[in-house]
Amino acid sequence: MENRRVRLRFAPSPTGGLHMGGVRTALFSYLFAKKHNGDFILRIEDTDQTRYVKGAEEYIIESLKWCGIEPNEGVGFGDGPHAPYRQSERKELGIYKKYADLLIASGHAYFAFDTSEELDAMRKRLEAAKVVAPQYNSVSRQNMRNSLTLSEDEVKKLMDAGTPYVIRLKVPRNEEIRFHDIIRGWVVVNSTQVDDKVLLKSDGMPTYHLAHIVDDIEMEVSHAVRGEEWLPSAPSHVLIYRYLGMEDKMPLLAHLPLILKPDGNGKLSKRDKSGIPMFPLDWYDERTGEKYVGYRETGFFPEAFINMLAMLGWNPGTTQEIFSLEELIQAFSFERVNKSGAKFDPEKTKWFNQQYLRKKSNLELAELFSPILKEKGINADAKFIEGVCNLVKEKAHFVSEFWSGGSYFFIAPTTFDADVIKKRWNEQSAGFIKEVAEAFKNLTTFTAAESEATFKATAEKMGIGAGQVMQLFRVCLSGVGGGPMLFEMVELLGKDEVVKRLETALNSIK
Ligand code: GLU
């Protein structure tokens, strides 16, 4: 085991859009693989054809690309030495059947011919008898139609007649199954709680339980990282490896904690209403007609999304919160992944985006803001746009807020905050606005400092406290009572525009 090459796979089923919990599983696998110079594989687990959703595979690939956590092997990423990487295609290699046959031959799996009606009847019987977990197991299988209860002859006859059958794992009674999970430590389960899982379905398709084991063996996977919801099936998986005589090929297991609702009550739902997306990209579910908005389309930066996700269940053991992908790779370990659920925090999620927004240069921000401006029909000077970004970025979480918070930089206001006007507009303050506009006209250079000094000198001359007219002055320029640093805004707008706006305000405010 120690000498194994580090190889981790992300193995989603294409049953819908990949939600953020899935992305976190991929992220943790990616981080560990990269940290140990290993491989990160994308395998598509599409054995359940009834749950197959068109477009889901492409969505998964695009999401990983957007997040910057690209596999170096697998579907959509140039395949690799173990192609194909789609289970439906791997079935054609005959590998799943081969492993199932090995289990049959060693007596650890058996054929079961029960119809769905018979299975239903069994469940009802067990429920009526108040059996806590009604399942097909070492006890109930004795009353069912399978190769353990039927004679060899009967089995042959059924097979020859083409009767549909499944292959089930023969789980022993009352045996302790122990396995180690890197996050949870030792886990011990009694086999009585483990059902005889179906390994191969009647259509010849393997179930997840068999297929992922065969593929993890064949693809030489060293660590299997997945959500906590898979923990209950892990004992069956341990038995399968054991019965195949391939325990040495079993990957180390890591079951990640659940992502919980913001109030900590239960698992985060994909229909969460906190206003923060649950999916990396927009996703449209054709079957239900439901639309889910994506982090990308909401204006999140992939770096912020990834950073936030890493902190959901993992911590660096220090107070550092902002990590680039490279830093995450260096710092990551499964030892620092919590066992208990991680609460999703919508506000913190926005905070992460804000941190990354602030890190961007004004030029980068201007490039992101320009398409929005274009859409609004605004044609502005590149340097001016950069200047606006510089001023409005402090209060924003998203670039899209630059417009809602700063459209007045591009379009002079025609309405003025009524509350401020009501409170502050009077003969004296109007006189001040007129006076300050005149004083500005005489300035030959127009910096923030100069305009501020002129503003204060004018107020003093008129015997008015600068604080009394400050907000009114802002409203005359922008229409609104709040915004970025006032005289920085004045400098950016420029003398002519400022004077023009003050004069317009004087003519419009009654
Ligand atoms: N196909 C499984 C899923 O959709 C993969 C679980 C695993 O990684 O073993 O979650």
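The values are calculated or read from the model by the stated rules, or taken from the named source; none is laboratory data. Since the model is a prediction, treat every value here as computed from it, not as a measurement. Methodologically, a virtual Cβ is constructed for each residue, glycine included, from the backbone with ideal geometry; neighbour enumeration extends over all protein chains shown.
Looking at (1) out of contact with any strand residue (DSSP E or B) (no Cβ under 9 Å at 6 or more places or on another chain); (2) in a loop (DSSP other than H, G, I, E, B); (3) closer than 27 Å to Ala304 by Cβ, which is the only condition Pro12 fails?
(1)
From the list Val6, Val75, Val23, Val53, which residue is aliphatic (A, V, I, L, M) and farther than 30 Å from Tyr292 by Cα?
Val6
If you take the residues in the stretch 232-259 that are surrounded by 18 or more Cβ atoms within 10 Å (Cβ to Cβ) and within 11 Å of the ligand (Cβ to nearest atom), which one is nearest to Thr25 (Cα to Cα)?
Leu256
In the stretch 119-159, how many residues are without any contact (Cβ under 8 Å) to a residue 12 or more places away in the chain, exposed (fewer than 12 other Cβ atoms within 10 Å of the Cβ) and within 21 Å of Thr192 (Cα to Cα)?
8
Looking only at helices (runs of 4 or more DSSP H) that lie completely in the stretch 321-401, which have at least 3 residues being in contact (Cβ under 8 Å) with a residue 40 or more places away in the chain and small (Gly, Ala, Ser)?
Of the helices (runs of 4 or more DSSP H) lying wholly inside the stretch 321-401, none has at least 3 residues that are in contact (Cβ under 8 Å) with a residue 40 or more places away in the chain and small (Gly, Ala, Ser).
Pairs, please: C-beta under 6 Å, at least 6 apart or cross-chain, first residue closer than 20 Å to Leu42 by Cβ and in the stretch 222-234, second modelled with pLDDT under 95?
What qualifies is Ser222/Arg4.
Looking at the stretch 179-197, which of the residues that are touching a residue at least 60 places away in the same chain (Cβ under 8 Å) and in contact with a Lys or Arg (Cβ under 8 Å, 6 or more places away or on another chain) is surrounded by the fewest Cβ atoms within 10 Å (Cβ to Cβ)?
For the stretch 179-197, the residue satisfying everything is Arg184.
I need the full set of residues from the stretch 1-60 which are β-branched (Val, Ile, Thr), more than 14 Å from the ligand (Cβ to nearest atom) and crowded, with 24+ Cβ neighbours inside 10 Å, in order please.
none
Can we say Ala304 is under 21 Å from Lys65 (Cα atoms) and either among the hydrophobic types (A, V, I, L, M, F, W, C) or at pLDDT below 95 (or both)?
yes
Hey, could you check the stretch 406-415 for residues that are in a loop (DSSP other than H, G, I, E, B) and under 20 Å from Glu488 (Cα atoms) and say which is nearest to the chain's Cα centre (by Cα)?
This residue is Phe410.
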